[in-house]
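S.K.: Pasting a structure here, questions to come.
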Amino acid sequence: MPTDCISYQNSGYFTPMMNDYLNQESSLQSFYNRFPIIENFENQIKEKQQNFNSNIREIVVTVLNEQYENISVSELTKNNIASILEENTFTITTGHQLNLFTGPLYFLYKIISTIKLTEELKIKYPNYNFVPIYWMATEDHDFEEINYFNFKDKKFKWNKESTGPVGRLSTEGLQEILSIFEKELGSGSNAIEIKKLFESAYANIDTLANATRKLANELFGSYGLVIIDADNSQLKRQFIPYIKEELLQNTSYKKVSETLVELKKYPTQVNPREINLFYIEDNLRERILFEEGVFKINNTKTTFSQNGLLELLETKPEKFSPNVILRPLYQEVILPNLGYIGGGGEIAYWLELKTTFEAYKCTFPILLLRNSALLVSKKQKDKMEKLQLNWEQLFAKQEALINSKVNEIAEIPIDFSEQKIALQKQFSDLHTIANQTDKSFLGAVKAQEAKQIKGLENLEKRFLKAQKKKYELELNRITNLQNELFPNQSLQERHANFSEFYLETGKALISNLYNELKPLDNNFTILTL
C-alpha cells in the first residue's frame, strides 16, 4: 500500500480545540496531564504505579476470563489477559459504541492505533508489558446511533425497539439483515468471508455485547486485543466509593462546571449533571435525580431515601451506570491504564475532566488522537494525478477546491486585486481633496469608492462563474472524484463500513492498515489499495 499523508491541522477536518491541542498551545496545557510523545510515558507509568490499587488486577482478570469463556482466544490475547495480574503490566485503552458490524471505518483505526501504541511502548520500555484494551460501550442507550451500517451508499438498518443498555439487547432479527446484505456482496471468496464473519458474530449469540466481542475478537484477536465489558457487578463494586461521593457530594458536577468556565473560548462538548449516573435494568436506563430531599429515577415513579439508595449501591452496584462525564473515571479506577485513544470529540470531553480526576486522586491518562485514514483505489489515485490534484486540494471544501482549480487552469487571471489597488490609489487623491472641503463631500467620496470596489468584486464573481462554465467538464471530473473520496462532503471513515474495502482486498485490509498507521504521528494517512 503506497502511503501519503496530510497533517491533521492542515486537513480542515479538526476543530480549533483539537488543532490547539496538537500544537500544544499554552491555553490548553493545564487541561491534560502529559502530551502523547513516547518519552512522556515513563513518568506516566511511575504516577500510575503510585495511584493504582493493584488489588483490582485480580478482579479484572477474573472478569475477563469469564467474559471470554465461550470464545476461541488467541495465545497472544490469553497472555495479555494473564499479564494484567503483574505489577509491571499497563494498558492502553480505546472505547467505542456497539455499532452494527463495526459501523464506520474509524472503529478499525481506533483499535489498530491502540495495538500499535502498545507495541511501540514495549520497544521503548522493555521491562514493562502493555496490553491493548477495547472498552465496549455496553451501557449506552442511544440505539439509533448504532443500529445500522453503510455499504456502497446503501444503509442496512436493524429495526428494533431498545430502551435499556444496548449491550444487553437480544440479537434477534439480525439474520434478516444478513439475508439482505449478502445479496449485495456477490459471490467472490472475500464476499464469502464477510458473510461468515457476520454470521459467526451474530448468529446463536445472545446479546449485542457478546456479539460485538466475538466480532472484534475475530478481527483483532490475533494481534492480542483484549475486549472488556464493564457492565459487570464485580467491576462496579470497585467503583462504589466514587458512586457514593457522586450521589452525596456532586463532585464531578462542581469540578467540570469550573473547568467549562476556563474553557469558554471553545464550544462545550458535554455539560455535567448534578448527578452523573444512570439507574439501569435490562430495559431501563434513566438518570438518577435528587429532588425535594429524595432520590428519583427519571421518567418512573421509583424513589429512594438516601439510606435506601446507598443500601442498593452496596448490594447491587450493577444498577448504577456512569454517564459520559463519570465513565472515564470508572475506566481509570479499574484498569492499570496509561493512555486513552479517541476521536476529536472524545478528547474534547476528556479535557473537561482533569480536575475531577485530581479531586478523586486518580491519575489522568495521556490523551491520544486516534489515527485517521483515507482509503483510495489505484484508479482514484491515477485519476487524481491525471487531473493534477494534490491532497491539500482534495481535502479542501468543494467550493474552495473548484475556485482554486479554475484559477489554476484559466488562461486569463481571475484575480482583480491589481485593479482594486489601482482604484484605491485613485481614490486616495480624492480623499486628500475631500479632507480640505466639508464632511459631506468626504462621505460622498467614500461611498463612491465602496460602490466601485463592490462593482469590481461583482465582476470578479461573474468572471469566475463564466470560467467555471467554460471548464465545466474538467471541474465535474474533479468534484466527482472528491465526492467518491469524501461522501456527503465528510470523511470517508465516518460513513463507509470496512466490508466495502474488505470485499476488494480481504484480510490484507487489516494487515496493511496495521503496517501503515502510526499512532504517535499527527498525520492523516492516505492509503492506496
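The values are calculated or read from the model by the stated rules, or taken from the named source; none is laboratory data. Quick caveat: nothing in here was measured; it's all calculated off a predicted structure. When we count neighbours, we look across all protein chains shown, and the Cβ atoms used for this are built from the backbone with ideal geometry, even at glycine. Just the protein is used for accessible areas: all its heavy atoms, side chains included, with ligands, DNA and RNA removed. Shrake-Rupley method; radii C 1.70, N 1.55, O 1.52, S 1.80 Å.
S.K.: Per the Cauchy relation, a quarter of the hull surface: what is the mean projected area of the convex hull of the alpha carbons in the stretch 248-299, in nm²?
M.R.: Working: hull surface 19.1 nm².
For the stretch 248-299, averaging the hull's shadow over all directions gives 4.8 nm².
S.K.: Once you put a point 7 Å from the Cα of Tyr514 and another 7 Å from the Cα of Lys265, both along the Cβ direction, what distance in nm separates them?
M.R.: That separation, rounded to one decimal, is 4.3 nm.
S.K.: Go ahead and estimate [θ] at 222 nm for the chain from helices alone: -39,500 (n - 2.57) per DSSP H run with n ≥ 4, summed, over the residue count, rounded to 500.
M.R.: -15500 deg cm²/dmol
S.K.: So, with a 1.4 angstrom probe, what is the percent of accessible area on the stretch 1-127 that is carbon and sulfur? Present the calculation step by step, with values, prior to reporting the outcome.
M.R.: Details: 2460 of 5470 Å².
Within the stretch 1-127, the accessible surface is 45 percent carbon and sulfur.
S.K.: If you don't mind, there's one more thing I want to ask. Please compute the per residue accessible area over the chain with all protein chains in place, 1.4 Å probe, rounded to a whole number of Å².
M.R.: Numbers: 24570 Å² over 529 residues.
On a per-residue basis, 46 Å².
S.K.: Separate question: What FRET efficiency do you get for Arg237 and Asp282 if R0 is 25 Å and r is their Cβ-Cβ distance, rounded to the nearest 0.05?
M.R.: Numbers: r = 20 Å, r/R0 = 0.78.
It comes to 0.80.
S.K.: A further question on this structure: Semi-axes of the equivalent ellipsoid of the stretch 34-90: what are they in whole Å, largest first, if each equals the square root of 5 times a C-alpha gyration tensor eigenvalue? Before the final figure, lay out each step's value.
M.R.: Values: eigenvalues 137, 42, 14 Å².
For the stretch 34-90, the semi-axes come out at 26, 15, 8 Å.
S.K.: Continuing with this model, one more query. State, as an integer percentage, the relative contact order of the stretch 298-381 based on alpha-carbon contacts under 8 Å between residues 6 or more apart.
M.R.: On the way: 43 pairs, mean separation 23.6, N = 84.
With pairs under 8 Å counted, the relative contact order is 28 percent.
S.K.: Kindly state, to the nearest 0.05, the FRET efficiency for Asn159 paired with Glu58, given R0 = 35 Å and r defined as their beta-carbon distance. Write down the numbers at each step before the final one.
M.R.: Values: r = 43 Å, r/R0 = 1.21.
After rounding, the FRET efficiency stands at 0.25.
S.K.: Another question about this same structure. From the Cα trace of the stretch 465-529, what convex hull volume per residue do you get, rounded to a whole Å³? Mind dumping the intermediate values first?
M.R.: Values: hull volume 8.0 nm³, N = 65.
Spelled out: Cα convex hull of the stretch 465-529, divided by residues, is 123 Å³.
S.K.: Below 8 Å between Cα atoms, with a sequence gap of 6+, how large is the relative contact order for the chain in percent? Could the numbers behind the result be given before it?
M.R.: Numbers: 768 pairs, mean separation 130.2, N = 529.
Over the chain, the number comes to 25 percent.
S.K.: Compute the Cα gyration tensor for the stretch 1-125, then decide on rounded, prolate or oblate, letting a ≥ b ≥ c be the square roots of its eigenvalues: rounded whenever a/c is under 1.5, prolate when a/b is larger than b/c in the other cases, and oblate in all that remain.
M.R.: On the way: a/c = 2.06, a/b = 1.33, b/c = 1.54.
It comes out oblate by the Cα gyration axes.
S.K.: If you wrap a convex hull around the C-alpha atoms of the stretch 137-205 and split its volume per residue, what is the figure in Å³?
M.R.: Values: hull volume 6.6 nm³, N = 69.
Measuring per residue, one finds 96 Å³ for the Cα hull of the stretch 137-205.
S.K.: Give, as ranges by residue number, the residues of the stretch 79-112 whose backbone N falls under 18 Å from the point 7 Å along Cα→Cβ of Asn127.
M.R.: Only 86-91 fall inside the zone, counting backbone N under 18 Å.
S.K.: Report Rg/Rh for the stretch 3-75, rounded to two decimals, where Rg is the Cα radius of gyration and Rh the Kirkwood radius.
M.R.: On the way: Rg = 19.2 Å, Rh = 16.6 Å.
Rg divided by Rh gives 1.16.
S.K.: Now for a separate question. Quick check for you: which residues of the stretch 471-512 have the amide N under 14 Å from the point 7 Å beyond the Cα of Ile409 toward its beta carbon?
M.R.: Residues 471-482 qualify, since their backbone N sits under 14 Å from the label point.
S.K.: Using 0.36 nm per residue, how much length does the chain from Thr89 to Asn51 gain when fully extended, once their Cα-Cα distance is taken away? Please report the intermediate quantities before stating the final value.
M.R.: Details: separation 38, 0.36 × 38 = 13.68 nm, distance 1.43 nm.
This chain segment gains 12.2 nm when fully extended.
S.K.: Turning to a different aspect of this structure: To test your reading of the geometry: what angle, between 0 and 90 degrees and rounded to tens, separates the Cα axis of helix 251-262 from the longest principal axis of the chain?
M.R.: Its long axis makes an angle of about 10 degrees.
S.K.: Could I ask something else about it? Mean projection of the alpha-carbon convex hull of the stretch 316-402 over all orientations, in nm²? Show your work: numbers first, answer last.
M.R.: On the way: hull surface 38.6 nm².
Dividing the Cα hull surface by four gives the mean projection, 9.6 nm².
S.K.: Same structure, new question: Against the longest principal axis of the chain, how steep is helix 439-470, in degrees 0 to 90 to the nearest 10, with axes from Cα atoms?
M.R.: Approximately 70 degrees, to the nearest 10.
S.K.: Once the principal axes of the Cα atoms of the chain are found, what is the range along each, listed largest first in whole angstroms?
M.R.: Per principal axis, max minus min of the Cα coordinates gives 87, 63, 51 Å.
S.K.: Rounded to the nearest 10 degrees, what's the angle between the helix 240-249 long axis and the longest principal axis of the chain, both from Cα atoms, 0 to 90?
M.R.: 60
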